[in-house]
Amino acid sequence: MVEIDGMKMVQTRAILNYIATKYNLYGKDLKERALIDMYVEGMFDLNEQLMSYGFQPADKKEQHFANMVDKTTNRYFPAFEKVLKDHGQDFLVGNQLSRADVQLLEIILMAEEGKPDILAKFPLLQSFKARISNIPTIKKYLQPGSQRKPPIRPEEVPKVIAIFY
């Protein structure tokens, strides 16, 4: 649960939509908002695979990694490379930073943690990553010592595996 503006909120997507709307990261009109939602929903599918990798049982980790890399490089990243090419702008949607851009940067960073050269075949995503990472507030957030995401605590892994596997 998170408290924002005196309101107690649950559900990640609801919280992210609220923040995106509040800080003008949710498009200028209904069409842009629909595109942002469409791209973000696709990213959630990949995000789930990337986030669950560290919690895979030892005997499934290698196969999970192979599937994750395959889907990332043959399905998701080609789709976002095409979006950037077709849109011809610095951002996925419209002409300003949106929630979709921030989410895609996080997906890229997470994918690179597992496979540092994963963007090798995606020049537009490479440029996108460099461009978005250099926005001053994002650059500050990505500095060493900033807690982008908490590390997986080794003592928690068996608990998660017992629940989900």
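Scan the stretch 141-156 for residues that are at pLDDT 80 or above and of a type in the set (A, V, I, L, M, F, W, C) and the total you get is 1. From the set of residues in the stretch 114-165 that are in contact (Cβ under 8 Å) with a residue 60 or more places away in the chain and in a helix (DSSP H, G or I), which is nearest to the chain's Cα centre (by Cα)? Once the filter is applied, the top-ranked residue is Gly114. Note on the stretch 1-25: residues that are acidic (Asp, Glu) and either on the phi > 0 side of the Ramachandran plot or in contact with a strand residue (DSSP E or B) (Cβ under 7 Å, 6 or more places away or on another chain) (or both) total 1. The requirement of being surrounded by 19 or more Cβ atoms within 10 Å (Cβ to Cβ), touching a residue at least 60 places away in the same chain (Cβ under 8 Å) and either of a type in the set (D, E, K, R) or part of a helix (DSSP H, G or I) (or both) is fulfilled somewhere in the stretch 90-99, by at least one residue.
If the condition is being touching a residue at least 12 places away in the same chain (Cβ under 8 Å) and among the basic types (Lys, Arg), then the stretch 59-74 contributes Lys60, Lys71. Checking the stated criteria, Ala20 turns out to be part of a helix (DSSP H, G or I), surrounded by 18 or more Cβ atoms within 10 Å (Cβ to Cβ), over 14 Å from the mean Cα position of the chain (by Cα) and among the hydrophobic types (A, V, I, L, M, F, W, C). The residues of the stretch 121-165 that are surrounded by 13 or more Cβ atoms within 10 Å (Cβ to Cβ) and among the β-branched types (Val, Ile, Thr), listed by number, are Ile132, Ile135, Ile138, Ile152, Val157, Val160, Ile161.
The values are calculated or read from the model by the stated rules, or taken from the named source; none is laboratory data. Bear in mind the structure is a predicted one, so any value in this text is a computation, not a measurement. All Cβ positions, glycine included, derive from the backbone under ideal geometry; neighbour counts span all protein chains shown.
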